[in-house]
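Let me begin by presenting the structure, written as C-alpha cells, before commenting on it.
The values are calculated or read from the model by the stated rules, or taken from the named source; none is laboratory data. On a predicted model such as this, the values are computed, not experimentally measured, just so you know. When we count neighbours, we look across all protein chains shown, and the Cβ atoms used for this are built from the backbone with ideal geometry, even at glycine. To get the accessible areas, we keep the full protein, side chains included, count just its heavy atoms, and leave off ligands, DNA and RNA. Shrake-Rupley method; radii C 1.70, N 1.55, O 1.52, S 1.80 Å.
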Amino acid sequence: MKPPIERNDLDRKIWDEELDAFVPDRVFDVHTHVYRWEWNADPKKERGPFAETVGRQFPEANWDALDAWDRCLLPGREVHRLAFPFPFPQCDFEASNAFAAKETQGDPLSGALMLVHPSMPAEFIGERVRRDGFLGIKPYRYYAATGDPANCRIADFLPGHQIEAADDLGLIVMLHLSRRDAVADPENIGDLVRLSGKHPAVRWILAHCARGYSAWAVERVAERLRELPNVWFDASSVCESDAFDALISAVGADRVMYGSDDLPVGVLRGKYVAFGRAWSFLSESNQTLDLSHCDPRMTFTRYEQLRAMRRAAQRLGLGKREIKALFFETATDLVGRVRESRPG
C-alpha cells in the first residue's frame, strides 16, 4: 500500500531537523486502533462526532493502512504495535474484536487487546483470550454503567469480575481515565492504588500519560504513582513537553511507552493544547486565529507529540538506552511477559 499522503516541506523539515535523530530504528506503538466504520452501530452515526474523521476520512484502519502511515511519518523505522478496536459508543464488539485479533496475527511481535463492555462475564473474556490470543482488555468510559462517561469512576466501566479475570490471566488493562482532574482526581488515584495493589498480576497501562495532557495532574500525585510497580503509561497524543517532563520525573523513563493514537488522531493535522486545568484539540478547521505573522500550516499530531517527547528527553538528560526503552524495549518486554503467562 502506498503512503496515504505526501509530507509537505514543513513536515519534512520538522522530521529531518528535530525528529529523525531522536526516534530509534525500532518502534513499538502501544496505542493503535484497528476498526471499520461499519461497526459503529449508532443509527445516527453519519451526523455524530466521528462522522468526518473516522467515517469519511479514515473509514477503515487495517494493518496495511497503519503500515503505510508509519512508512510515511516514521521513514525507515521498523514498527510493531499493540492494537485494539475503536471504542464506538454503540459498537459491534464481536466484529471489532475478531478484526483486531486477525489484523495482528501477521506480526509475531505485535498483539491485540479485546474491547470489553461491563456486561461481559469473566468466563466469556477468558474464553476469548484463549481462543483469539488477546494480550489484555480495553475497557472504555463510554460504556460506564452510570451513563456518565465524563465523570465515572474506574469500576463504573471496568467491573470487579473483569479485573479479577485480568489478574487471573496476567493480562494488560489499557485504561483511559475519566473525571475532570484525570489521575489527580482523589477517587481515581485512590482506586488505582487500591486496584493495582489488590490485583498485582494485572499490567495496567494508563493511556495518554494517565490522561495528563499537561503537567499539573501528574505532579499532584507523583509520589503515589511512583509506588505502583505494575502500572505503566503510554504517551499517545500528548503534545506538551512539560507533561512528559513531569511523568518521566515521577515514574522513570522505563515505565513510559510510545503510542501514536492512530488511527485517526496521530495523523490529523493539529495539536492537543493545554491551558488552565483544561486541554483541547486545536486543528486547522476549529480555530480563527490570525496567523498572518508566521507560517500558519499545521503538522501532524504525532509529530507534535514526538517534538514534546524530544524536548522533555533533552531537559531530563535521557541517554540512548532510556530513549530506546521509551520507544521499544519496555513495551516488548511487557508484551513478552504477558505472552509467557497467557494460558494456552
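So, of the residues in the stretch 1-25 that are of a type in the set (A, V, I, L, M, F, W, C) and open to solvent by 40 Å² or more (accessible area, probe 1.4 Å), which turns out to be nearest to residue 308 (Cα to Cα)?
Of the residues in the stretch 1-25, the ones of a type in the set (A, V, I, L, M, F, W, C) are 1, 5, 10, 14-15, 19, 21-23.
Applying the additional criterion that residues be open to solvent by 40 Å² or more (accessible area, probe 1.4 Å) yields 1, 5, 21.
Details: 1: 30, 5: 24, 21: 14 Å.
Among them, the one singled out is 21.
Suppose the filter is within 23 Å of the chain's Cα centre (by Cα), under 27 Å from residue 209 (Cα atoms), open to solvent by 10 Å² or more (accessible area, probe 1.4 Å) and among the aromatic types (Phe, Trp, Tyr); does residue 28 pass it? Even if it seems obvious, please write down each step before you answer.
Values: within 23 Å of the chain's Cα centre (by Cα): yes; under 27 Å from residue 209 (Cα atoms): yes; open to solvent by 10 Å² or more (accessible area, probe 1.4 Å): no; among the aromatic types (Phe, Trp, Tyr): yes.
Here the answer is no, as residue 28 does not meet what is asked.
Here residue 142 meets each of (1) closer than 22 Å to residue 38 by Cα; (2) surrounded by fewer than 16 Cβ atoms within 10 Å (Cβ to Cβ); (3) hydroxyl-bearing (Ser, Thr, Tyr) with one exception, condition (2).
How about the stretch 31-58: which of its residues are open to solvent by less than 30 Å² (accessible area, probe 1.4 Å) and not in a helix (DSSP H, G or I)? Within the stretch 31-58, 31, 32, 33, 34, 35, 40, 48, 58 meet the criteria. Selection over the stretch 92-137 of residues that are assigned to a strand (DSSP E or B), in contact (Cβ under 8 Å) with a residue 40 or more places away in the chain and either in contact with a Pro (Cβ under 7 Å, 6 or more places away or on another chain) or more than 17 Å from residue 61 (Cβ to Cβ) (or both) gives a count of 1. Scanning the stretch 15-63 for residues that are under 30 Å from residue 330 (Cβ atoms) and of a type in the set (S, T, N, Q) turns up 32, 53, 62. Restricting 276, 270 to residues that are touching a Ser or Thr at 6+ places or on another chain (Cβ under 6 Å), without any contact (Cβ under 8 Å) to a residue 40 or more places away in the chain and of a type in the set (Gly, Ala, Ser) narrows the list to 270.
In this entry, residue 330 is excluded by the filter for residues that are assigned to a loop (DSSP other than H, G, I, E, B) and open to solvent by 10 Å² or more (accessible area, probe 1.4 Å). Scanning the stretch 204-213 for residues that are outside any helix (DSSP H, G or I) and open to solvent by less than 10 Å² (accessible area, probe 1.4 Å) returns 204, 205, 206, 212.
Inspect the stretch 293-301 for any residue being over 18 Å from residue 209 (Cα atoms), in a helix (DSSP H, G or I) and at pLDDT 95 or above and give the result as yes or no. Working first, answer last.
Narrowing the stretch 293-301 to residues over 18 Å from residue 209 (Cα atoms): 293-300.
In the following step, the residues that additionally are in a helix (DSSP H, G or I) were identified as none.
No, the conditions are met nowhere in the stretch 293-301.
Of all the numbered requirements in (1) more than 29 Å from residue 52 (Cα to Cα); (2) open to solvent by 30 Å² or more (accessible area, probe 1.4 Å); (3) of a type outside the set (Lys, Arg), residue 295 misses one, and that requirement is (1).
Scan the stretch 243-263 for residues that are under 30 Å from residue 63 (Cα atoms) and surrounded by fewer than 19 Cβ atoms within 10 Å (Cβ to Cβ) and the total you get is 1.
For the stretch 233-253, which residues satisfy the criterion of being in a loop (DSSP other than H, G, I, E, B) and of a type outside the set (A, V, I, L, M)? Full working, then the answer.
Of the residues in the stretch 233-253, the ones in a loop (DSSP other than H, G, I, E, B) are 235-240, 252.
Listed by number, the residues that qualify are 236, 237, 239, 240, 252.
The residues listed here are 284, 340; of these, the one that is farther than 24 Å from residue 242 by Cβ, surrounded by fewer than 12 Cβ atoms within 10 Å (Cβ to Cβ), touching a strand residue (DSSP E or B) at 6+ places or on another chain (Cβ under 6 Å) and not β-branched (Val, Ile, Thr) is 284.
Condition test on residue 153, is it surrounded by fewer than 15 Cβ atoms within 10 Å (Cβ to Cβ) and within 20 Å of the chain's Cα centre (by Cα)? Steps first, please.
Working: surrounded by fewer than 15 Cβ atoms within 10 Å (Cβ to Cβ): no; within 20 Å of the chain's Cα centre (by Cα): yes.
Here the answer is no, as residue 153 does not meet what is asked.
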